[in-house]
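Written below as structure tokens is the structure these notes are about.
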Amino acid sequence: MQAAFKVEFVSWGKISNLVHTLANRIHASGYRPDIVVAIARGGYVPARLLCDHLDIYNLTSMRISHYTSGAEKGEAARLSMPLNTDIRGLRVLLVDDVGDTGNTLQLALEHINALHPAEIKIAVLHHKHISQVVPDFYAQKIISWRWLTYPWAIIEDVRGFIRKMEPQPATAEEALQRLKSEYGLKLPLRIMQDVYR
């Protein structure tokens, strides 16, 4: 059985390179944020790493719910935890891991703009060309659509993919083979052992 979409696992090594590229692009642009706002949950790690690269201490977050495990998309992006920080008059850098449809980024922009920042710019690791919102900064543009699973979401995503399998795999080894054949996803056995704990 062939999956409806391809999945690419983005390794920690690749994340390091992407963040380095993204930080360099932000720095070269001359934009100097006063505060970084992560879109939870995918934006937590990239935002923290960017703060380190850009020498920014002020980091906060907001949560927008849209996708769940296994690349399941909800009906619409919704603000589930608003920003609880005064950003009036500040230069904001809004960070997420990926701009996919752009719905999450659009809702985040609307919410933050209502709080009257001086300026807001968006940074993502991956910008998919189908996104309705083009970020100000991105490390890599994705032309050929695929689901990207990051190290901080791998167990959650894999559990979601496995739940969709019919019949259910009996062992971690079988699940590993099915993920490879159905999703093109190659993972180490130790990840599958964590999924099956």
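So which residues in the stretch 129-188 are of a type in the set (Ser, Thr, Tyr) and over 21 Å from Ala77 (Cβ atoms), if there are any at all?
Keep residues of the stretch 129-188 that are of a type in the set (Ser, Thr, Tyr), which gives 131, 138, 144, 149-150, 171, 181, 183.
Residues satisfying the conditions are Ser144, Thr171, Ser181, Tyr183.
The numbered conditions (1) in a loop (DSSP other than H, G, I, E, B); (2) of a type outside the set (Phe, Trp, Tyr); (3) in the same structural domain as Asn58 (by TED's automatic domain parsing) are all true for Pro169 except (3). Among the residues of the stretch 89-109 satisfying the criterion of being acidic (Asp, Glu) and not in a loop (DSSP other than H, G, I, E, B), which is farthest from the chain's Cα centre (by Cα)? Ranking the qualifying residues of the stretch 89-109, first place goes to Asp96.
Of all the criteria given as (1) in contact with a strand residue (DSSP E or B) (Cβ under 9 Å, 6 or more places away or on another chain); (2) part of a loop (DSSP other than H, G, I, E, B), the one not satisfied by Ile112 is (2). Determine, yes or no, whether Leu176 is buried (at least 18 other Cβ atoms within 10 Å of the Cβ) and either at pLDDT 95 or above or closer than 18 Å to Ile39 by Cα (or both). No.
Scanning the stretch 142-153 for residues that are surrounded by fewer than 18 Cβ atoms within 10 Å (Cβ to Cβ) and within 18 Å of Gly13 (Cα to Cα) yields a total of 2. If the condition is being assigned to a helix (DSSP H, G or I) and buried (at least 20 other Cβ atoms within 10 Å of the Cβ), then the stretch 27-59 contributes Val45, Pro46, Ala47, Leu50, Cys51.
Report whether or not Ala40 is assigned by TED's automatic domain parsing to the domain that holds Ile120 and under 15 Å from the mean Cα position of the chain (by Cα). In short, yes.
Every test in (1) in a loop (DSSP other than H, G, I, E, B); (2) without any contact (Cβ under 8 Å) to a residue 60 or more places away in the chain; (3) over 17 Å from Tyr31 (Cβ atoms) is passed by Trp152 save one, and that test is (2).
Which residues, taken from the stretch 156-168, are buried (at least 17 other Cβ atoms within 10 Å of the Cβ) and under 20 Å from Ala40 (Cβ atoms)? Residues satisfying the conditions are Asp157, Gly160.
Within the stretch 123-147, the residues that satisfy the criterion of being closer than 24 Å to Gly30 by Cα, in contact with a helix residue (DSSP H, G or I) (Cβ under 8 Å, 6 or more places away or on another chain) and not in a strand (DSSP E or B) are Val133, Pro135, Asp136. Taken together, Phe137, Phe161 contain a single residue that is in contact with a strand residue (DSSP E or B) (Cβ under 8 Å, 6 or more places away or on another chain) and more than 30 Å from Val36 (Cα to Cα), which is Phe161.
One residue alone among Pro117, Pro151, Pro188 is within 17 Å of the chain's Cα centre (by Cα) and of a type outside the set (Val, Ile, Thr), and that residue is Pro151.
Restricting the stretch 74-88 to residues that are touching a helix residue (DSSP H, G or I) at 6+ places or on another chain (Cβ under 9 Å) and assigned to a strand (DSSP E or B) leaves a set whose member that is modelled with the highest pLDDT is Leu79.
The values are calculated or read from the model by the stated rules, or taken from the named source; none is laboratory data. Keep in mind that what you see is a predicted model, and the values were worked out from it rather than measured. A quick note on method: Cβ atoms are made from the backbone with ideal geometry, for glycine too, and the neighbour counts reach across all protein chains shown.
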